[in-house]
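These notes are about the structure you will find just below.
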Amino acid sequence: MEPRDVIAVRDRPLMLHCQVEGEGPVSITWRHNGVPIATGDRAAVLANGTLLLRNFSKRRESNESDAGEYDCAAQNRFGLLISRKARAQLASLPKFLSHPQSLAVDEGGVARLSCQVNGIPEANITWQKDRLPLSTADPRYTLLPNGVLQVSAVQRSDAGLFRCVASNMANTRCSREAQLSVTVAGSRTYKEPVILSGPQNLTINIHQTAILECIATGNPRPIVSWSRLDGRSIGVEGVQVLGTGNLMISDASLQHSGVYVCSANRPGSRSRRTALGRLVVQAPPEFVQWPQSVSRPAGGSAVFSCTATGVPQPHLIWLKNGKLLAPGDNVKLTNANTTLAITRISAEDEAIYQCIAESGAGTNQASARLAVAPGPALPEAPAGLRSTALSAAGLRLTWDQPDPRDAQRIIGYVLHIRRLGEPDGAELQEAVDQNTFSHDVQNLEAATSYRVYLKAYSAEGGSPPSAAVTATTLGGVPSTPSFFTKVLNQTAMQVYWELPSKPGKVEGFRLQYHGVSNPDVQGQEVFPGHINTHSISNLEPAAVYEIQLVAFNGNGDSPSARRLVSLAEGGASAAAGQSCNCDQSDPSMSTLLVGVHSGLACVLCCLLFILLAYRRSFICRKEGSWETPATLKGVRGAKGQRAQSVELSQRCGSAPSPVTVMVESSRSAESGTG
């Protein structure tokens with residue numbers, strides 16, 4: 001027996017039941033909103049597993065409440081099982097959301113009074129006239145459960161003061177009074193049909209009762225009828241009309257969901273008015289396929305299937321011994337979590353697995369146990385796997401000889417090889433004789449890194465995998481990575497780079513940075529080959545940093561890509577041009593970074609350097625010219641922005657050493673502020 005939803009009264013005891021069948025001893029514990037409940041003066045777990053809260057309360061001073069979700073956990077030597085979540089609510093009856101309003105109605109017309117209150121549990125609403133209970137024996141009075149009072153064929157005797165009375169297990173409240181006045185009509189004139197109140201959109205659970213309101217007035221009195229918008233028949237079983245036109249559907253099923261049309265027709269004519277309301281019938285999750293307990297040997301595999309239906313469609317999750325199960329190397333969840341597959345079973349996989357179906361209409365759970373049966377002894381995992389690059393297309397893999405006891409049972413080995421970054425299904429497998437402890441693998445790609453592991457096989461099955469190694473074929477180091485930077489604020493930046501088009505071409509990346517004016521501020525990070533972004537924070541405010549990125553494989557490091565980034569203007573993005581592969585040890589190359597604060601200043605600086613270029617005596621003794629390097633020609637900023645950097649180089653017949661000037665604009669200039 002699992003705990004069920006319950007409504008508790010303040011300062012009264014509450015009991016939640018949890019009964020479990022299984023091989024003892026079985027220990028039962030409880031959780032409230034996911035937190036274990038400590039037993040003591042306030043709570044106790046009885047011998048049969050029932051949770052007793054001695055004083056269900058809500059403490060205003062600490063904003064704590066015993067209301068919330070409860071579940072019980074049962075554990076024995078086979079594993080742990082979690083029950084469904086039961087919701088415990090505190091009974092309450094707050095003030096009325098709306099009160100009945102006074103109105104005047106012609107004699108023979110229709111009156112509608114309503115009040116609204118949200119109670120836990122739902123309040124029972126009755127009506128009083130002149131402080132006395134309203135008699136429901138008169139068929140002209142229709143009381144709807146949602147707090148609506150309808151009076152048809154109004155008479156003079158109906159005039160008076162009306163109020164509604166709401167009550168539940170928590171309290172009883174009375175609304176304000178409303179005056180119903182009845183006016184005497186002479187010769188009644190013709191009036192078109194008018195729907196005073198039509199059906200509202202309604203959502204209920206299966207087997208509940210739905211009431212769709214429809215009250216109309218007019219002269220002559222209109223006839224109210226119902227239909228479905230999709231043309232299907234409403235049916236007669238469990239369907240009846242309340243009062244003069246309200247539709248009540250008892251024991252609602254999923255087939256009752258739809259859009260309902262209330263029509264008010266003038267007798268003897270085609271004149272009518274319509275109103276629409278949608279009814280949604282929900283169904284809590286129900287299992288059509290349950291996971292079944294199985295026993296499997298170590299190294300084997302098991303598959304659990306779980307399918308549930310409901311409205312709305314439930315979502316499935318899996319628990320292992322009461323904890324959320326996440327996919328891993330040997331655990332796969334497929335087909336929208338309806339299939340759980342466990343491969344290469346080991347002792348750690350022995351547990352109770354639960355399939356939890358959740359939706360807005362409720363929750364349900366089914367469980368199964370995976371037992372690891374004692375099987376034949378399998379070989380130990382091979383040890384000492386290592387690799388040597390033979391050529392651009394070949395690797396040599398060697399490993400240690402097995403223990404003599406294992407050697408007698410081993411019938412062969414299997415090498416599992418795949419490029420770094422590729423899925424398991426794309427791996428290459430090569431079989432090796434049991435007396436061979438070295439194997440050459442050919443027809444591989446040049447300068448590519450591979451992940452390799454080894455398994456030993458006996459007649460009973462395969463061993464656990466060996467420790468994996470990363471091996472790289474000859475053929476050179478990776479090409480220089482292209483990277484970009486973005487200044488996030490005055491103390492942080494983001495670096496992102498392009499990944500190779502083929503997996504395995506890069507084993508990893510090494511990112512280094514240091515302050516230009518303060519070299520003590522520095523750092524280094526190493527990333528695997530599938531990562532292409534990193535954020536650097538806690539930097540020196542408004543400082544200039546040199547960023548260096550290197551890609552590497554088993555053959556070595558690529559040429560470094562470098563870039564200078566200024567944090568002077570928080571939020572400004574670094575220029576995304578070609579990477580600078582300059583060598584700082586070359587004294588013939590110097591770089592000047594000039595930060596400016598407006599687009600106008602950037603233009604003036606460019607003009608100044610151009611004018612200085614023509615002063616031959618100042619720059620060089622022979623004719624020279626300033627020109628933009630080819631690497632920056634054609635580089636443009638985003639639409640509406642100025643270029644953020646300009647590089648100018650000098651060519652002089654007698655001065656081969658170039659001078660590079662970089663002018664970097666600030667974001668404030670782009671936004672128009674000086």
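A short reminder: the numbers here are calculations on the coordinates, not readings from a lab. Everything quoted here is computed from the prediction, not taken from an experiment. Positions of Cβ are backbone-derived with ideal geometry, glycine not excepted, and every protein chain shown enters the neighbour counts.
Go through 58/320; 58/95; 455/502; 332/455; 58/129 and tell me which ones have a Cα-Cα distance over 29 Å in this structure. Cα-Cα > 29 Å for 58/320; 58/129; rest within. Put in order of Cβ neighbour count within 10 Å, fewest first, the listed residues 501, 482, 65 become 501, 482, 65. Divided by 2.2 N^0.38 Å, where N counts the residues, the Cα radius of gyration of segment 220-369 comes to 1.68. Between beta-carbons, use under 10 Å as the cut-off and find the net charge around residue 198, counting Lys and Arg +1, Asp and Glu -1. Neighbour charge sum, excluding residue 198 itself: 0. Our Cα-only numbers for segment 324-379 put the radius of gyration and Dmax at 14.0, 51 Å. Applying both filters, DSSP loop and at most 10 other Cβ atoms within 10 Å, to the GluC sites (Glu not before Pro) of segment 5-98 gives 21, 23, 61. Couplings 3J(HN,Hα) of segment 380-397, computed from phi: 6, 5, x, 10, x, 5, 8, 10, 9, 7, 9, 7, 5, 10, x, 10, 10, 10 Hz, in residue order, whole Hz [Karplus 6.51 cos²θ - 1.76 cosθ + 1.60, θ = phi - 60°; x for Gly and Pro].
In this simple spin-label model, placing a label point 7 Å from the Cα along the Cα-to-Cβ direction at both residue 137 and residue 89 gives a separation of 3.6 nm.
Our coupling estimate for segment 297-307, obtained by passing each phi through the Karplus curve with A = 6.51, B = -1.76, C = 1.60 and θ = phi - 60°, is x, 4, x, x, 9, 9, 10, 10, 10, 8, 10 Hz, Gly and Pro reported as x. Extension gain, residue 44 to residue 15: 0.36 nm times the residue separation minus the Cα-Cα distance gives 9.5 nm. When you filter the trypsin sites (Lys or Arg not before Pro) in segment 61-98 for DSSP loop state and at most 10 other Cβ atoms inside 10 Å of their Cβ, you are left with 77, 95. As a proxy for reagent exposure, ranking 496, 450, 457 by other Cβ atoms within 10 Å from fewest up yields 496, 457, 450.
Neighbours of residue 342 by Cβ distance under 11 Å: Lys/Arg scored +1, Asp/Glu scored -1, total 0.
Would you grab the residues whose amide H sits under 5 Å from the one on residue 289? Only those 5+ places off in sequence or on another chain, please, with H modelled 1.01 Å from N. Residues meeting the amide H criterion: 307. Rg of the Cα atoms in segment 121-255, relative to 2.2 N^0.38 Å, amounts to 1.21. Note on residue 522 and residue 64: with the Förster distance fixed at 51 Å, the Cβ-Cβ geometry gives a FRET efficiency of about 0.55. Counting neighbouring Cβ atoms within 10 Å and putting the fewest first, the residues 293, 83 line up as 293, 83.
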